[in-house]
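Participant: Okay, handing you the structure first.
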Amino acid sequence: MLKVCKFGGTSMSSSIAINKVTEIIHSDDSRRYVVVSAPGKRDNTDIKITDTLYQCFREMKSTGSCNESFSLIYDRYMGIVRDLGLKIDMKTYLDNVKKGIESSQSPDFAASRGEYLNALIMAEQLGYAFVDAADVIRFNDDGTFDEDTTNDLVQEALSKVDKAVIPGFYGSYQDGRIKTFSRGGSDITGAIIARGVNADLYENWTDVSGFLKADPRIVNNPERIKTLSFRELRELSYMGASVLHPDAVFPVRVSGIPINIRNTFAPQDEGTMIVPHYVERDEKNIVTGIAGKKNFAIILIEKSMMNSEIGFSRRVLSVFEKYGISIEHMPSGIDTLSVVVSEEELKNKLDNVIMDIRSQFKPNTVEVYHGIALIATVGHGMSRRPGTSARLFKSIYEADVNVRMIDQGSSEMNIIIGVENDDYEKALAAIYHEFIG
Ligand code: ADP
Ligand code: ASP
Ligand code: MG
């Protein structure tokens with residue numbers, strides 16, 4: 001049995017948490033490769049190390065040094081090393097990191113140092129080797145992930161060490177410059193390492209006892225999902241269930257390695273098993289989980305006989321492509337087409353997009369709705385079960401919420417609705433109570 005374990009920011013936030021992590025790793029000999037995040041929040045008022053490192057970069061950009069912000073980094077790591085009683089020369093590492101941030105001119109370099117320093121500490125704490133992610137995780141020149149080279153490098157480097165700690169969140173270009181994944185990316189690193197060493201299990205340790213049927217910050221004490229399929233996971237995490245990064249499934253899917261979500265602060269709990277195969281759902285478990293996210297815009301284009309114009313949707317999409325805007329959904333009717341994009345993507349580009357659409361397509365109307373939240377209701381049990389959407393819309397209606405958009409995926413395992421941002425929590429809770437309890 002071989003396990004790769006990834007520990008998230010909360011599990012790394014203090015010496016107390018790190019001691020729990022140490023106990024977990026030492027209690028099972030098969031936990032040989034460990035991926036760590038940077039220290040996260042100790043409580044609601046705290047700041048994540050990664051956020052402070054981005055702040056260091058901004059301070060350096062505007063003043064030429066990062067003295068003020070880096071003092072927070074310094075205090076946090078020195079405190080952890082002191083409380084753990086480690087002999088590592090943290091001061092020298094920290095001094096070098098500060099110099100690096102001040103000379104590298106790269107926000108990715110700055111942000112990556114949180115996991116780098118933390119992995120050095122954990123390697124010392126566990127008596128494991130330190131393997132730098134910059135040496136084994138590779139990006140192409142265009143910024144895309146180089147899957148094949150990475151897999152070869154990970155295999156080669158880790159075949160030489162029996163036990164190792166690897167920092168999450170970053171890798172490097174061929175010329176050595178550091179590049180990070182998007183936020184929460186240590187989950188991806190864990191999956192890459194699991195694939196590289198051909199692990200039997202990828203354990204992802206966090207601060208909740210598994211993947212829950214809804215966001216615990218919105219629904220009070222939601223039920224746990226015992227088993228989740230890779231496909232359901234992908235739909236839920238992409239749609240906002242932030243417990244696992246949506247791209248973490250790809251490396252392990254290649255070799256069919258299951259993922260086990262576990263709680264560092266309740267290690268006796270089984271957590272959630274995420275498995276490569278289809279999961280059969282009975283009558284009581286039609287809906288596996290509900291997830292969502294806020295701040296989208298809907299651009300609604302209406303034009304009579306749109307359907308008879310060959311290539312109409314493609315040409316509309318090319319307008320968005322021209323401005324580098326990626327599209328979330330595109331539900332359409334006979335004479336209408338809606339394009340759903342995040343407000344963030346649309347920022348400063350909306351006027352140009354609308355102008356181009358008006359001049360190129362001469363539509364009857366173009367309307368824009370802002371402040372839309374998307375909610376996805378997901379589960380294998382939903383396919384071929386008539387009445388599921390009727391129940392969903394009835395629950396929304398009874399909660400007095402207006403539905404602004406509907407998109408029923410062709411996979412039959414996902415219904416996405418758009419509601420006003422202000423109605424998001426209410427709508428999500430209503431769907432939860434209708435299907436789950
Ligand atoms: P880590 O730092 O360990 O990577 P994250 O903060 O990224 O942890 O993810 C865990 C958090 O995800 C939980 O504390 C919880 O607030 C949030 N979360 C959102 N949706 C869900 C869900 N469906 N199930 C469990 N946790 C969820
Ligand atoms: N530390 C990084 C972040 O805060 C990566 C991670 O925790 O997965 O996004
Ligand atoms: Mg995370």
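Participant: From the Cα gyration tensor of the range 209-275, with a ≥ b ≥ c the square roots of its eigenvalues, which class applies: rounded if a/c is under 1.5, or else prolate if a/b is larger than b/c, or else oblate? Write down the numbers at each step before the final one.
Facilitator: Working: a/c = 2.10, a/b = 1.31, b/c = 1.60.
Oblate.
Participant: Suppose every K and R has +1 on its Cβ and every D and E has -1 on its Cβ; what is the size of the dipole of the range 190-252 about the Cα centre, in Debye to the nearest 20?
Facilitator: Value, rounded to 20: 100 debye.
Participant: If I model a spin label at GLN408 and ASN348 as a point 7 Å from the Cα along the Cα→Cβ vector, what separation in nanometres do I get?
Facilitator: Calculated label separation equals 4.1 nm.
Participant: Related question: Calculate how large, on average over all directions, the projected area of the Cα convex hull of the range 156-232 is; give the answer in nm² to one decimal.
Facilitator: On the way: hull surface 29.3 nm².
Average projection, Cα convex hull of the range 156-232: 7.3 nm².
Participant: Taking θ = phi - 60°, what integer Hz values does the Karplus form 6.51 cos²θ - 1.76 cosθ + 1.60 yield along the range 128-142, in sequence order, with x for Gly and Pro?
Facilitator: Whole-Hz 3J(HN,Hα) from phi for the range 128-142: 9, 6, 9, 10, 6, 4, 5, 8, 10, 10, 10, 10, 6, 4, 7.
Participant: Then there is this: Under the rule of at least 5 residues apart or a separate chain, name every residue whose amide H is placed under 5 Å from the amide H of SER172.
Facilitator: Those lying under 5 Å, H to H, from SER172 are ILE137, ARG138, PHE139, LYS179.
Participant: Please provide three numbers in whole Å: the alpha-carbon extents of the range 47-90 along the principal axes, with the largest listed first.
Facilitator: The Cα atoms of the range 47-90 stretch 37, 19, 12 Å along the principal axes, largest first.
Participant: Taking every Cα atom in the range 223-347, find the radius of gyration and the maximum pairwise distance Dmax, and write them in Å.
Facilitator: Spelled out, the Cα radius of gyration and Dmax of the range 223-347 are 19.3, 61 Å.
Participant: Determine the dipole magnitude for the range 344-400: charges of +1 sit on the beta-carbon of Lys and Arg, -1 on that of Asp and Glu, nothing else is charged, the reference point is the Cα centre, and the result goes in debye to the nearest 20.
Facilitator: Magnitude of the dipole: close to 360 debye.
Participant: To continue, here is another question. Dipole of the range 127-179, Cα-centred, from +1 at each Lys and Arg C-beta and -1 at each Asp and Glu C-beta, to the nearest 20 debye?
Facilitator: Taking the Cα centre of the range 127-179 as origin, the dipole is about 300 debye.
Participant: Oh, and also: Any chance you could run the full-extension gain for ASP83 through ARG314? It's 0.36 nm times the residue separation minus the Cα-Cα distance, nm to one decimal.
Facilitator: On the way: separation 231, 0.36 × 231 = 83.16 nm, distance 5.94 nm.
Computed gain between ASP83 and ARG314 is 77.2 nm.
Participant: Please build a GNM for the chain, connecting alpha carbons under 10 Å apart, and tell me which residue among VAL254, VAL287, VAL339 fluctuates the most.
Facilitator: Highest fluctuation among the options: VAL254.
Participant: To the nearest 10 degrees, how steeply does helix 90-104 sit against the main Cα axis of the chain, on a 0 to 90 scale?
Facilitator: Tilt relative to the chain: about 50 degrees.
Participant: Could I ask something else about it? Tell me, what are the semi-axes, in whole angstrom and largest first, of the equivalent ellipsoid of the chain as set by the roots of 5 times the Cα gyration tensor eigenvalues?
Facilitator: 40, 27, 20
Participant: Quantify, in whole percent, the carbon and sulfur part of the accessible surface of the range 343-424 (1.4 Å probe; protein heavy atoms only). Before the final figure, lay out each step's value.
Facilitator: Numbers: 1950 of 4280 Å².
Percent of accessible area from carbon and sulfur atoms in the range 343-424: 45.
Participant: Rg(Cα) of the range 64-163 divided by 2.2 N^0.38 Å?
Facilitator: Compactness ratio reported: 1.23.
Participant: Right, something else. Using each residue's phi in the range 146-161, evaluate 6.51 cos²θ - 1.76 cosθ + 1.60 at θ = phi - 60° and report the 3J(HN,Hα) Karplus result to the nearest Hz, with x for Gly and Pro.
Facilitator: 8, 4, 5, 4, 4, 4, 4, 5, 5, 4, 5, 5, 7, 5, 8, 10
Participant: If pairing requires two Cys Cβ atoms under 4.7 Å apart, which cysteines of the chain are left without a partner?
Facilitator: For the chain, the answer is CYS5, because their Cβ atoms have no other cysteine Cβ under 4.7 Å.
Participant: Could you calculate the contour length gain from GLN155 to ASN221, that is, 0.36 nm times the residue separation minus the distance between their Cα atoms, to one decimal place in nm?
Facilitator: Details: separation 66, 0.36 × 66 = 23.76 nm, distance 4.08 nm.
Going from the current span to full extension adds 19.7 nm.
Participant: So how many Lys-Lys pairs in the range 196-324 land under 25 Å Cα to Cα, not counting same-chain pairs under 8 apart?
Facilitator: Final tally of qualifying lysine pairs is 8.
The values are calculated or read from the model by the stated rules, or taken from the named source; none is laboratory data. This one's a predicted model, so the numbers in the text were calculated from it and none came from an experiment. Ideal geometry is used to build each Cβ from the backbone, glycine not excepted, and the neighbour counts take in all protein chains shown. In case anyone asks, the SASA skips ligands and DNA or RNA and just uses the protein heavy atoms, side chains included. Shrake-Rupley method; radii C 1.70, N 1.55, O 1.52, S 1.80 Å.
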